Amino acid sequence: MTAPWTRARRGLAALAAGLLLPTTAAATAATGQPAEPAQPGQHAAARPSTVVSTAPMARAASLTVSPPIYVAGQAVRFRGNVGRPGRRTVHLQSHMNRPGDRWLDVPDSAFRTSAEGTFDFTFTAPSMFGISYRVAGGGTVTRGRLFNARPQEITLALQGADAASPFHAVAPLLPFTVVADTTPAVRSALGTPPPIPGRTVLLQERTDGDRWRTIDRGATDSAGHATFRVPAPVLGHRVLRARQERWTRGGSRIGWYASFPAYFSVLGLGKKQAPTPASAGAAAPRPVATQRSAVRPTAGERYRWGSTLFDFAWERGQDLTSPPSKGTRPRGTWLDTSDGTGRATPFNGGLVLQSKLRHTGDGDRGTTAATMRGNARATGRWEFRLQGHAWETGPRPYRFRLDLVPVGTRATACPADAVVVADVVMGQPGVGIGVRSQSAKAVWQRNLGGVRLAETPFNMAVEVGPKHTTWSVDGKPVGTVKGRTAHLGRALVPRLSLVGSDREMNGAQVDSDWQRGWSLARGKQVKSGPALTRRAYAGC
C-alpha cells in the first residue's frame, strides 16, 4: 500500500508536468524548435515548480500588421507576442522568398517587449514585392507576414481625359485644368495606392530640353487628387509633369514620385509631338512586376572586393535624391532627365527606366536617363543587376546604354567619352561593352552574343584600373582592355539611358535592381579576359 505522503507527492508532480506541457508545446510551435534546455547545474525536473508557481503562462507567438494597404516607406504597425513572458529586445527579420534565400536581420529594427512578451511598434514598409517579415527575439520567432506594398503612382492629365495617354489637345491662350491623381487605377494588377490627403504636389514644366522646373504647387484632397489651372500657349505645346513630394508624418519615409511627362498641345500645332498612329505591334505578354529570380553570382563576391563604397538598394521607399542606404561612403543621388514621354523612377525595390505608362500603343518618344551625381571615381569598380522588357516589336526599338561618363557630361545618346558597361538594342540578343576615348581617337568594342537583356536578370560589372579595364557578367570576366591609352583619366559616374528619337518607338522598360561601387583597395584585380577590338574613333 502506498503511503499517503507518497501519493500526494506523485499528484503534485503530475500536476506540475501537466502545467509544463502546454508551455513547452507553445514554445515549440512558435519557434519550430524545442523549448530551451535547463541551464548548467539545473535539473530539468526542478524547473516546473518554479515556472508554474511564479511566471505567466507562455503562449503561441503572434503577429498582426496594419494598415492592410500601404506604399513603400509608409509606417506600418507591428503588434503581437513573442510567445514567452519577460522583457526582451526583438527585431525584424526579412526573407526574399527566392530559392536559396534565408531569413536575415533587418538593420535598425530593434524594439522592446513588455513583461508579458507583447510588442507594439512601427516600421517602414519594404519596397519589394513578395518579401516576408517576422519578429524575432529571445530565441523565438513569429510566423512570417507577406508584404506587397502598393507601388506609388501619379498621373497628370487634362480634366476628364484618359490619364494613361501622354497627349492632350487644348485651345490656344485659354487656361485649361489638369488633374494630378496619386491614386490612379492604371496599375490595377498591382493594386491602387491609398490616398494621403494633404500631401504636397508640384506642377513642373520641362525646360532646357530635358530638365524640370516647378511652376505651381498644391495639395491632395481626401481622394488623393490635386488640381491646377494652366494657361495654354499660343503655338506648340507645354510639357508638364506632377511630382508628389516626400511624406514623413507619423514615422513614414515615403520618397517623392513623379508622373510621366504629359503634352498639352494647341490644336493643329506642335505636330512634332502630336499623336500619330502606333507603328509598333504588341509583343508577347510580359509580367507586370519585376521577377525576382534565384541569386546569381556577382564579381564583388567572387573577387572579394569587400565593403561597398555605395550601394543603392532601394529597399525602403527611397526616391532619386535619397543617398545610398549602404556603404562605407554612402554619398550620391540621381538626376532624372527626359526629352520625351519616358521617366526614370524607383519601382519594386529598383531603379527603372520606362518609355511610357501604358506598355503598348502610341506614345513612346525620346530619351530618358538617370545619371548619378557624387561619389565619382577615376578608378574603381561598379556592378549592376539588370533586367529588360521589350513591350512591343517594330522597326524602331529603343537602345539601352549603361555607361560610366565623366562628371558634367550632358545626357546624350552618344557621349564623347565613356566606359560602356552595356549597350543593347531592346528585344535583340547581344550586349556591347567597350571604351570610347576622344583624346585617344579610338573606340574599343566587343559584343557578348550569348547575353540578352530580357526577363531573366543578370549582373554586369566593370573594373577600371590605371592600366586595364575588365568587364564581368555574373562574376565571370568577358572582356579586357590593357594599357594606359584606354584609361579616360577622369572622374566617372554611372548613367543609365533608354535612348530613342522623337518618332514613335517600340515600348520598353529596363530595371536595375541595385547599383554598387567599390574602390580598388581590396580583393583581386582581374586583368585577363577576351581582348576588345580597337577601331578609329567614330559615333555610336
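Some values worked out for this structure:
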| item | result |
| --- | --- |
| Residue-wise HN-Hα coupling along the range 212-227, computed from phi with Karplus coefficients 6.51, -1.76, 1.60 (Hz; x: Gly, Pro) | 10, 10, 7, 10, 6, 9, x, 9, 6, 8, 5, 8, x, 10, 9, 10 |
| The range 155-266, dipole about Cα centre (Lys/Arg Cβ +1, Asp/Glu Cβ -1), debye to the nearest 20 | 340 debye |
| Listed residues Thr298, Val526, Trp314: farthest to the positive end of the dipole of the range 298-536 (Cβ charges) | Val526 |
| Extreme residue, positive dipole direction of the range 155-266, given options Gly218, Pro231, Thr155 (C-beta unit charges) | Gly218 |
| Assigned charges on the beta-carbon of Lys, Arg, Asp, Glu; the range 298-536 dipole about Cα centre (debye) | 1200 debye |
| Net +/- balance of residues flanking Tyr537 in space, Cβ distance below 15 Å, scoring K and R +1, D and E -1 | +3 |
| Fewest-first ranking of Asp339, Asp208, using other Cβ atoms within 10 Å as the exposure measure | Asp208, Asp339 |
| For Phe167, distant residues with modelled amide H under 5 Å away | Tyr263 |
| The range 155-266: relative contact order in percent, alpha carbon pairs under 8 Å with at least 6 residues between | 32 percent |
| Proximal charge balance of Gly380 [Cβ under 12 Å; K/R count +1, D/E count -1] | +3 |
| Estimated dipole of the range 307-375 in Debye, rounded to 20 [Cβ of Lys and Arg +1, of Asp and Glu -1, Cα centre] | 180 debye |
| Burial ranking of peptide ranges 414-424, 428-438, 340-350 (average Cβ count within 10 Å, highest at the top) | 340-350, 414-424, 428-438 |
| In the range 298-536, lysine pairs closer than 21 Å at Cα, eight or more apart or cross-chain | 10 |
| Distance between the range 170-209 and the range 85-129 - C-alpha centres, whole angstrom | 36 Å |
| Local net charge near Ala369, Cβ-Cβ under 13 Å (Lys/Arg +1, Asp/Glu -1) | +3 |
| Distance (nanometres) between label positions extended 7 Å along Cα→Cβ at Lys482 and Ser501 | 4.2 nm |
| Cut-off under 5 Å, modelled amide H: who pairs with Phe176 long-range | Val230, Ala232 |
| Amide H contacts of Gly340 (H built 1.01 Å from N, under 5 Å, at least 5 apart or other chain) | Thr367 |
| Prolate/oblate/rounded label for the range 373-467 (Cα gyration tensor, a/c 1.5) | prolate |
| Neighbour-count order for Thr337, Thr533, fewest beta carbons within 10 angstrom listed first | Thr533, Thr337 |
| Rounded to whole Hz, the Karplus (6.51, -1.76, 1.60) HN-Hα couplings of the range 492-501, x for glycine and proline | 10, 9, x, 9, 10, 9, 9, 9, x, 10 |
| Backbone HN-Hα couplings from phi across the range 60-77 [Karplus 6.51/-1.76/1.60, Hz, Gly and Pro as x] | 5, 5, 9, 8, 10, 10, 8, x, x, 10, 7, 10, 4, x, 6, 5, 10, 9 |
| Calculated over the range 298-536: convex hull of Cα atoms, volume per residue (Å³) | 113 Å³ |
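A short reminder: the numbers here are calculations on the coordinates, not readings from a lab. Just so it is clear, the structure is predicted and the values come from calculations on it, not from any experiment. We place every Cβ from the backbone using ideal geometry, glycine too, and count neighbours over all the protein chains shown.
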